[in-house]
Every structure is written in structure tokens, then in C-alpha cells.
1. Students often get this wrong, so check it: of Lys77/Lys119; Lys36/Lys365; Lys284/Lys373; Lys261/Lys535; Lys392/Lys546; Lys373/Lys531, which have C-alpha atoms separated by over 22 Å?
2. With the cut-off at 1.5 for a/c, could you classify segment 83-134 from its C-alpha gyration tensor as rounded, prolate or oblate?
3. Between the alpha-carbon centers of segment 412-480 and segment 238-312, tell me the distance in whole angstrom.
4. Using a Debye calculation, one point per C-alpha and no hydration shell, please list log10 I(q)/I(0) for segment 25-128 at q = 0.13, 0.24 Å⁻¹ in order.
5. Which of rounded, prolate or oblate describes segment 388-494 when judged by the alpha-carbon gyration tensor and an a/c cut-off of 1.5?
6. Given H placed 1.01 Å from N in the peptide plane, which residues other than close sequence neighbours of Gly33 have an amide H under 5 Å from its amide H?
7. Determine which aspartates and glutamates satisfy two conditions relative to Lys64: a Cα distance under 18 Å, and not lying fewer than 8 residues away in the same chain.
8. Just want the ordering: Val268, Val127, Val163, from fewest to most Cβ atoms lying within 10 Å of their own Cβ.
Amino acid sequence: MKNLILIIMLLAVGMTAKAHVGSAGVQMQGQAGPYKVLVSVEPPDVIPGTAKITVFIENGIAKKVLARPIYFYSGDKGAPSPDELAQVAGQTGQFQGAVWLMEWGSSSAQIQVEGEQGKGELIVPIVAVSTAEREMPKHLGIGLSILGVLLFLLMITTIGASVSDGILRPGETLTFAQKRKRWVNMGIATVLCSVILYGGSSWWDSWAEEYKQWLYRPIQGNAAISENGDQRVFQLKIDTTGFHSQRRGSMLSTLIPDHGKLMHTFLVRTPGMDAFAHIHPERKDSTTFEAYLPKLPGGKYLVYSDIVQRSGFAETIVDTIDIPEQQAKSNPLQVTAEEDTYVVTDPIDSPGAVPLDENVVVCGKPGTKTVFKDGSYAVWEGKPDKPLDAGKPYQLTFEFFNPDGSACYPEPYLGMTGHVAVVRTDGSVYIHLHPTGTFAMAAEKSFKDRMADTATTVKAPAPAIFRDSIDRYLAKLKAMPMEEREVFLMTEMGMYDVKDGAMSGMDHGNRISFPYSFPKAGRYRIFLQLKRNAKVLTGVYDVKVKDAVTL
């Protein structure tokens, strides 16, 4: 039986999180021409609203940084002029400002840098949706009510005076007829003003109700386990109830792959956080995705499934699931994708209590190393007993080593040098990170393609034709040898240039950083995934996060 309270908590958090669970901000590390930059965006929770943008210039000297919003449906030609970000006093290379996000849906911030090394720009994908309703402060409401009553009375008395006292000559007094006329006109004015006020109130209430229809509601999904012989199969069926009211239309037929996969699903056993899987369910129909399960131990699992729409709008579907124990079998387990992987580690409250299994790693902390099952290991830079601050941007940096201690250069895994999944122990925070940042690479590519299109209004594709083309693309990718597929994905995502059969422009070392800001205090488990000798390796780390000290 599912834990109803946990589901409600996760879905409530998901409503404020959009593509990430509990992490609304966006961090991006990339190149703006000759400048290496780190961009942090705090999107508003009400649209229209302002997004706070902070840009850190990591190399070179920038003289001016501009930012402007670009919306997927109106493109580059329909975007407003950029605003200049102010340089933060006393902080070299740091610029800060805000841009207005006026449209609901898939948006982005175009960052333009001008300096001694020339000009450069980059696109930061943003999910712009309303997730909150603003309540008027009580003291402001009282003050406006008093002012409104005074204006109402002033209007009525002014109209009454205009037909009586206002037309008297000096020394004259009001006659009975004039007094009656004043009261009649004041009565008429009272009725008319009341009707106007009632109409205004009704308009405001209807507008507020319409606004509620635009409040973001996360996609619901129902996870289940079925049996295919003695093989366990994970199934996620998307609930389309309410799609019409949420204006989602045929979006499930226009999903796009991210890192070559239409869906990334992460499974984390709760409450111990001691079993983890990263699998890639394949689409069986518009609402159903399935994947063979690896040899995970039985128990209750948190489910996080990432998808990306054609517009670059990324979402995470959240659920919980009970996984039965794997029955003994003689034949090897089937896999849906070569990249599917799992790991077992020690429970978060019982360090070192690791079961004996062929796919076990011991959990580490910042400043310590985690040894993978092939003897290689990774070290998370930092101090093991020092908690991190919530809300502070960090570079989660790991160094990768061979068993003999020499530097190990990770092989591409789904087109990236590494992946990280961050999960808070209560499940209320989840995010899938890459060295480039907290956004989906497919979203960035969607916006780059959209900006290259000069049309001011994007054309919606035919859902059936679009879906068929994506399915053929995925089948082509799956048929490729792994090495060829990785090179293809890296080239397609614009990560590296491939010239004469070799990769160029590749910042490739044994040190990998993932930009992230922990949204709130608590205990977190970090799942690091790298590839060596064509095998995906998973390391596990624990960290405590405390509330930031405000001065």
C-alpha cells in the first residue's frame, strides 16, 4: 500500500518545482563567446513577474552584461530589448539584475557579455509558470478599504453639491426643491457608484478565477510493477485527467529526447536511501512508458521521471512504488537500455551497514572518496564535517581516479562527462544535474533552434507525424554502437566539435563540477554517475545543509 502522506507531500512540492522537485532556481555554467560564465536565475512564482539574474564572469574582463527574455512561441523576433545588469559593488566579475517574464510556459534568458575579449552570448532555459497566489497584506487592505470608503462618499457628496450648493449665488440659500434635487442625485449617484463597484468586483473575481486556471499543476503519473515471466517490468502511466483544463493539448505526442532518451527515471528506496537506479523507460503508447528493472532489492521507492516537451518545457513526474523482491532465476536479466544502472549502498542512518551484493558501494562524504565496484574511485572536494549553506551557489566538484591512484578521464555517458542526482532524505527535493547546470540539454537545444527560426510565431507540428519522427530517431540511436552513439549525442548537443574523426574543444580532465544551490536545510544524498571502460559507475555521498546565516 502506498504511503499517501508521502505522495501528497511530493506532489505539493512538485507544484512549486516544475522540472525539478523542490529546486525552482536555474544554474548554468557555459561559454558566452570567449567568456566562461556561471549564471543563476531565480524565476518568479507569479507570471507576469520578474526573474532575478546573477552572472559570474569566471575568466576575462567584462564591461557590460545584458539580459533579455525570449519566449519559445514568439522567438527572437518577438523578444523585447535587453536590460543592462548592474555590476555588484565589491564583487569583481559579478553582475546582477532582473528581467520581466510576461508569458506563461517555456522561456529563456539570453545573456550578452561585452568586454575586452569581444562579445559573447548564451541562452539559459527557464520554466516560467505561476505557482502561487499573492495575498494582500492586512494593513494595506485596511488602508485601501478606508480610502475606498472616503472616495465613495466624496464622489456622492460632490455630485450632490454640483446640483445644489455648487450653483447657488452668493447669499442665497437652498430651496426645498433644490434640497430634494440634491438628495435625488445623491441617491442616483449611490446606485451608479455601487453598480460600478459591483462590476469591478465581479471582473476582479472572474480574473482571479481565470488566473487559477493558469496555476501550474504537475503531471500525475501512476507507477506499477508487472511480471514478464520472471522479469520485473517498471511501468509509468501518465494520467491525462484534466489535460484540457490545463491547456496541455497533445503535448505527450510532442515530447523530445534529452540525452538521447525520451524519459529518465530515478528510483530511490525509502527511508534508507540505500538503493538507487537510473533507467530509461520506452514509450509504448502516448501515456505508457515501460522498462525492465535491474536487480534492485525489494521495498518502497520514490519515483522521479523527467520528460521534456518540444518547447523545452521540462517536467518531473513524481510517484512512489512498492517493488517486490526479485525471484531467483538462472537467465541474465534483460535491460531496456545499455545505460540502465543500479547500485546498493548503506542506509543513511546506518553507515557501513552494506549488504554483500555484486553492485554495492559504500557511501562517502565531502572530502572523502567513494570506491566503485571496479576499484576506481572519486573524491568529492570539501570538508566532511562542514555543512553547506542553503541558498548558496556551489560547485559540487569531484575528482576521478584509477585503482592505482592515477587520474582517470571519464568516458562520455549519455553525451556528458557525468551525471548527478540530488535527493533530500524526505524526498521533497530532487534534481538531475550535469556539468553544464540544472537545466535539460534538450531545452537549450530547443531554444537555439527556435532563435535560428525567423518566424515570429512558432508553428505547431502534427502530433502523429512528430511522434513518428521521434520514434524513428530513437530507434536509430538505439541501433548505434555505444561509442558511436555517445559521439553523436555530444555533437548534436553542441558539447564538442568533431573534426577529422577526433573531438576538439573538449575540456576533458578527471575533475568534474556540477553547479547547484541547495534550496533548504536538511540531509541530502548525492548519486554521482560516471563511465569507465564502457561501464556506468555510481558513487554515493551524504551531506548536511543548514539554513544560511543572514546578517
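1. Numbers: Lys77/Lys119 20 Å; Lys36/Lys365 29 Å; Lys284/Lys373 34 Å; Lys261/Lys535 18 Å; Lys392/Lys546 10 Å; Lys373/Lys531 12 Å.
From the list (Lys77/Lys119; Lys36/Lys365; Lys284/Lys373; Lys261/Lys535; Lys392/Lys546; Lys373/Lys531), the Cα-Cα distance tops 22 Å for Lys36/Lys365; Lys284/Lys373.
2. Values: a/c = 3.44, a/b = 1.75, b/c = 1.97.
Here segment 83-134 falls in the oblate category.
3. Comparing the Cα centres of segment 412-480 and segment 238-312, I get a distance of 13 Å.
4. Log10 of I(q)/I(0), two decimals: -0.41, -1.30.
5. Details: a/c = 2.19, a/b = 1.42, b/c = 1.54.
Cα axes put segment 388-494 in the oblate bin.
6. Glu121
7. Straight-line reach from Lys64, under 18 Å: Asp83, Glu84, Glu114, Glu116, Glu121.
8. On the way: Val268 21, Val127 25, Val163 15.
Listing Val268, Val127, Val163 from fewest to most nearby Cβ atoms yields Val163, Val268, Val127.
Throughout, read-outs are computed from the coordinates displayed, never taken from laboratory work. For clarity, every value in this text was computed on a predicted model and none was experimentally measured. Note that each Cβ is placed from the backbone with ideal geometry, even for glycine, and that neighbours are counted across all protein chains shown.
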